Amino acid sequence: MASIIGLGEILWDIFPGQKKVLGGAPANFAWHASRFGFDGCIMSAVGNDELGLELLDVLTKKGLNFLIETVGHPTGTVQVSLDSKGVPQYKICENVAWDNIPFTGYAKELAINCKAFYFGTLAQRNEVSRATTYRLLELVPKDAYRIFDINLRQHFYSKEIIHESLLRCNVLKVNDEEVAEISKLFEFGGMSEVEICRYLLNAYNLDIIMETKGAIGSYVFTQYETSYLDTPKVRVVSTVGAGDSFTGSFIAAMLQGHNLQKAHQRAVEVSAYVCTQHGGMP
């Protein structure tokens, strides 16, 4: 029985030169959590096509559990380009399989028994996957981590979706660019990043907020503690999946009983390593 679930997009990141790498934030999250001994599972959908079959084969070989339905839409792809600093830019195809993740009896059983449930904004761009997300969140145990990764991509988000998701989570993952966008959407005016995170923590009665700031550092906020760590200096190959690895590693550490500071340190070290590799699941 999977104890850590990542719900949402599963796809192929297609890099310059047409090199394919398995991707999607929920899959990256579940993969990294599973590296620390947990039974991670990606919950999504693929098409009845060659890319879908290849995707399932790769997941099987990696040893990551999955509940992936086959639906009547093509398997998702993303065209990825990297700037001079290795920071990715994404062109995400629409009307694909993970936009249409169905609610099933087995998905219900997994949600009822999980210890952590991860979801984001991207898979909520379509009402089918959004409805499945909200139905499953209602079933997740009250003492489980319900992790909302804002993960803003292109135009696939809105103030309403962010608000509704914040009402349903107890852990928030965000980066500094996303904090700036939230400030615009929610009209926070001249509030600093820290003030915005503190406001969200209290306004939505959250347990934890993780804010990553790329090469600068990262924060973890709770009602009683604030942890800040600098980002290690590494030779960056690509930052694809770095934030997802941060979240998965942090949640795994917390579930293992580590304190906030140790969990934060693990997250920083793992995400720094991921930046030295290609793809989100090295």
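A short reminder: the numbers here are calculations on the coordinates, not readings from a lab. Computed from a predicted model, the values in this text were never measured in an experiment. Every residue, glycine among them, receives a Cβ derived from its backbone with ideal geometry; neighbour counts consider all protein chains shown.
Listed peptides 192-200, 31-39, 90-98, 144-152 appear in the order 144-152, 31-39, 90-98, 192-200 once ranked by packing, highest mean of other Cβ atoms within 10 Å at the front. Sorting 231, 75 from the fewest to the most surrounding beta carbons within 10 angstrom yields 231, 75.
Per DSSP H run of n ≥ 4, the term is -39500 (n - 2.57); total these for the chain, divide by its residue number, and report the mean residue ellipticity at 222 nm rounded to 500 deg cm²/dmol.
It comes out at -11000 deg cm²/dmol, rounded to the nearest 500.
Compute log10 of I(q)/I(0) for the stretch 65-177 with the Debye formula, placing one identical point scatterer on every Cα and leaving out solvent, at q = 0.11, 0.23 Å⁻¹, to two decimals. Evaluating at q = 0.11, 0.23 Å⁻¹ gives log10 I(q)/I(0) of -0.39, -1.40.
Separation of the stretch 234-257 from the stretch 73-113 is 19 Å, based on Cα centroids. With the simple spin-label model, which puts each label point 7 Å out from Cα in the Cβ direction, the residue 135 to residue 269 separation comes to 4.2 nm. Of the peptides 121-134, 47-60, 251-264, the order by per-residue mean of other Cβ atoms within 10 Å, starting with the highest, comes out as 121-134, 251-264, 47-60. Annotation: average projected area of the chain is 13.5 square nanometres, based on the convex hull of Cα atoms across all directions. Applying 1/(1 + (r/R0)^6) with R0 = 35 Å to the Cβ-Cβ distance of residue 205 and residue 60 gives a FRET efficiency near 0.30.
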